[in-house]
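Values in this text are rule-based calculations from the coordinates and carry no lab data. The model shown is predicted, which means the values in this text are computed figures rather than measured ones. Reconstructed Cβ throughout: ideal geometry from the backbone, glycine too, with neighbour counts over all protein chains shown.
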Ligand code: 0L1
Ligand code: MG
């Protein structure tokens, strides 16, 4: 750790204010270039404490930067992780008000819901599949608080990995009988397919991202309880949206889920 408590608190407050007021900021490492990984996750923890103090409840976690292409682009070799609270959840087909956000983008993801807890270190794809109740399509709405999505990795971790909203739905499916690597994913905007991929784009297998999350939490003394929802990471690049857009995600064997932007 390089930052003291009051600096960590101040940065968490600053990022949350940007989120609540839907205004952007230069990345925080501009003023704190010596910030380390522990500082970054400590700011994220403080962001969560602030939300909890106002009544928000943790409903799950997200994995970010899970595609090898995006990791190479960012010069990193492991994903980043964030939390999901109930305030972020939208109903299938709901209207998302753009005025509440800065510059949202949507990502097509495969979501997991656990029937048994997962604890790292030592978690692996097999353990994740054994602990999974079902998988289902999920659209993550990311909204970096950083101006023009310009950030480095430590800044983005502090900003809860750009988490803003999410919707899950479709036809939840048990993992037995599904090959999540070859499972096709189609993201449509206004009826047109704008991003296509398969589950293997996420670390070779989406369950590998969930295992990496369990191992990350294990190193920090936490675990994933039964019932946790996990967004395993974008299968394709993120897609920008505008008011009037309708976004639908179809995932092979799991039905579809959608959002309207107003
Ligand atoms: O969920 C994600 O993969 C996004 C991680 C943060 C980086 C970004 O805002 O693009
Ligand atoms: Mg994502």
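Data overview
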read-out	value
Top of 208, 12, 238 by mean-square fluctuation, Gaussian network on the chain, Cα under 10 Å	238
Scattering profile of the range 123-166 at q = 0.24, 0.25 Å⁻¹ [log10 I(q)/I(0), Debye over alpha-carbon scatterers]	-0.80, -0.82
Percent breakdown of C-alpha pair distances by 10 Å bin, ordered from the shortest bin, for the range 62-191	10, 37, 38, 14, 0
Simple spin-label estimate for residue 119 and residue 69 in nanometres, 7 Å along Cα-Cβ	3.9 nm
Inverse mean reciprocal Cα-Cα distance (Kirkwood Rh) of the range 197-253, Å	13.7 Å
Dimensions (Å) - the range 1-115, Cα atoms, principal axes, largest first	43, 36, 33
Kirkwood hydrodynamic radius (C-alpha pairs) into Stokes-Einstein, the range 125-262, 20 °C and 1.002 mPa s, D in µm²/s	133 µm²/s
Alpha carbon Rg of the chain, scaled by the compact-globule rule 2.2 N^0.38 Å	0.94
